[in-house]
Structures are given as C-alpha cells and as structure tokens.
1. Rounded to a whole number, what % of the accessible area of segment 71-144 do carbon and sulfur atoms account for, probe 1.4 Å?
2. Keeping all protein chains in the complex and leaving out DNA, RNA and ligands, what accessible area do you get for I80 with a 1.4 Å probe, in Å² to the nearest 10?
3. Of all chymotrypsin sites (Phe, Trp or Tyr not before Pro) in segment 56-121, which ones are in loop regions per DSSP and have a Cβ with at most 15 other Cβ atoms within 10 Å?
4. Suppose all protein chains stay in the model; what accessible area per residue would a 1.4 Å probe give for segment 117-172, in Å²?
5. Among 253-263, 131-141, what's the highest-first ranking by average C-beta atoms within 10 angstrom per residue?
6. Give me the accessible area of R36, 1.4 Å probe, in Å² rounded to the nearest 10.
Amino acid sequence: MKVKSALLMLVFTIATVLTGCEPLMVLDPKGPQAERQAHDILLSIGIMSFIVIVVFAILIYVLIKYRASKASPDYEPPHIEGNKWVELICVGIPIIIVTYFSIVSVQSNYIVEAKPQAYADKEPLVIYASSSDWKWHFSYPEQNIETVNYLYIPTDRPIEFKLYSYGPITSFWIPQLGGQKYAMSDMITTLHLAADEPGEMMGRNANFSGKGFAENMFNVTAMSEKDFDKWVKDVKKTAKPLTEKKFDELLKPGHLGQMTFTGTHLGFNPPPDEHHMGAPKNKEGHTDHSQMDMNMDMSNQ
C-alpha cells in the first residue's frame with residue numbers, strides 16, 4: 001500500500017511540474033532536417049524507456065518473489081554454474097539495440113547532411129554565416145545584402161549555410177530547423193537546412209566562446225518567398241552600405257543589436273581560402289569574388 005501511494009505521488013508531482021513547461025524546441029521541428037532529428041530523439045527515448053520499465057519490473061518481481069522472509073530457515077539455494085539463455089539474453093539484446101541505433105544514426109546522418117529531399121529540385125539560397133565575439137554576420141551574396149544578429153529566410157526552399165568564424169570556434173544552431181555545426185576560422189563548413197512553415201525561431205552559438213557566450217544569439221524569421229523578396233527590396237532601398245571600416249568595427253568584441261546593410265563583406269574580407277581551391281585571387285592574394293561571379297554569369301549564358 002505504501003509503495004502504491006509513493007508511486008501515485010511521484011506521477012502526480014511529475015505531471016504537475018511538466019504542466020507548466022513549454023515544449024522543447026528540438027521536439028517542435030519546423031523543417032525536414034529537424035523533423036528527422038526529433039524522430040530519432042523520440043525513438044531513442046521510447047526504446048530506452050521500455051528497457052528501464054522492463055528492468056524495474058523484473059527487479060520488483062525478483063525482490064518480491066525471492067525475499068528472505070518467504071524462504072524457509074533451512075533453505076539452501078542450489079549451486080548453478082551458469083545459464084546459457086540468460087547469458088545470451090544479457091549479451092544479445094544490448095548488441096541488437098546498439099546495432100539498430102547505429103544503423104538509424106548512419107541513415108539519419110546522411111539525410112541531415114544533404115540538401116533536404118523534399119526540395120531537391122530547387123536551387124538553394126546560399127548564406128554565409130560568420131561569427132565574431134559575440135555576434136553573427138549573415139551575408140546574402142545572391143541578394144547582395146548583409147544582416148547582423150538576425151536572419152530572414154524563405155520557406156519551402158533549401159538553405160545552404162557556409163559557416164566560418166572570425167574568432168574562436170563557435171557552433172551554429174537553430175534547434176527548430178536542425179542540429180548544430182561548428183564554425184572555424186581556417187575553413188568553411190556547410191550546413192543544409194530548410195523551413196517548412198513561416199514563423200519566428202531562435203538561433204544561437206552552442207559552443208562556449210568567452211564571457212559573452214550567453215548572449216551570442218540571433219533571431220530567425222521564416223516567411224514566404226514573396227515576403228522574402230519584398231524584404232530584400234526594402235533593405236536595398238533603406239539600408240546603408242557596408243564598408244570595410246564599418247565591418248572592422250563590427251568585428252571588435254562586444255554585443256550589438258540587429259543591423260542591416262546593403263553589400264556584403266565577402267568582397268573585401270572574404271571567407272577562408274581553403275574552401276575556394278582554384279578560385280581567382282585579387283592582388284592582395286584573397287579570393288576575387290567579383291571575378292568568380294563574372295565567370296559564373298558567363299558560364300550560364
């Protein structure tokens with residue numbers, strides 16, 4: 001009776017506490033990559049919960065059935081060398097579970113690392129996402145605009161993020177769109193995401209990078225393609241151009257609010273050269289993005 005009362009009190013307490021909790025962002029996906037990851041998380045929780053319940057059920061059964069008070073005073077347990085079935089179950093079930101999780105993990109890894117299959121026939125929007133202490137810079141080379149600490153993206157279109165850092169290693173993470181990925185100073189990493197529905201989301205640096213790490217966050221707004229194009233036009237009409245002097249000021253350690261510019265820093269302060277093998281160089285030895293764009297335009301004609 002006491003055990004039953006304790007269990008009921010535990011269940012009531014957990015239910016009461018969880019009632020006031022907001023849903024975890026990783027379990028509230030807004031894109032195909034995050035949806036796959038949320039599925040894997042729930043699958044893992046389900047399997048592990050089943051294992052825990054079975055183990056505790058067996059433990060309770062054994063404690064009750066073989067408790068000392070039930071055995072006779074002269075009871076002496078038989079000598080057992082081993083049981084092949086028990087050993088097979090204890091070894092075989094963990095092997096099956098680990099093998100299954102490994103297969104699921106490899107399959108999911110290939111899915112989330114590639115362009116979302118639902119948008120395979122669409123051209124991705126390329127955004128260069130670079131971090132500095134303690135802010136995020138988002139360059140849209142196709143639109144020729146740049147934002148600081150906020151990100152606008154169209155829905156129903158793949159997004160290809162090019163990640164790198166102007167300081168320590170950071171980790172780019174939008175929980176409702178996909179998993180985190182590192183941004184480093186000497187190379188570019190690519191992250192494929194997509195948003196299935198309009199809405200506002202939170203993004204952040206998920207890797208400790210100094211005293212300003214806690215506020216190293218950015219806002220993400222997903223909108224229709226039409227609204228995104230309208231936003232781009234408004235930015236080009238109202239925003240000031242981004243100069244090299246201004247960008248150098250932005251790179252200084254500190255926190256900033258949201259900022260918007262026409263033009264990007266990719267021309268005068270390009271990403272790491274290692275990612276652009278064979279790309280044309282300017283006289284300073286940096287990648288000449290304007291020449292690359294000209295060559296791309298000529299190849300498309």
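1. 63
2. Accessible area, nearest 10 Å²: 120 Å².
3. Qualifying residues, ordered by number: Y66, Y75.
4. I get 29 Å² per residue for this part.
5. 131-141, 253-263
6. Only protein atoms counted, so the area is about 60 Å².
The values are calculated or read from the model by the stated rules, or taken from the named source; none is laboratory data. Computed from a predicted structure; not experimentally measured. Positions of Cβ are generated from backbone atoms using ideal geometry, with glycine treated the same way; all protein chains shown enter the neighbour counts. All accessible areas refer to the heavy atoms of the entire protein, side chains included, with ligands and DNA or RNA removed. Shrake-Rupley method; radii C 1.70, N 1.55, O 1.52, S 1.80 Å.
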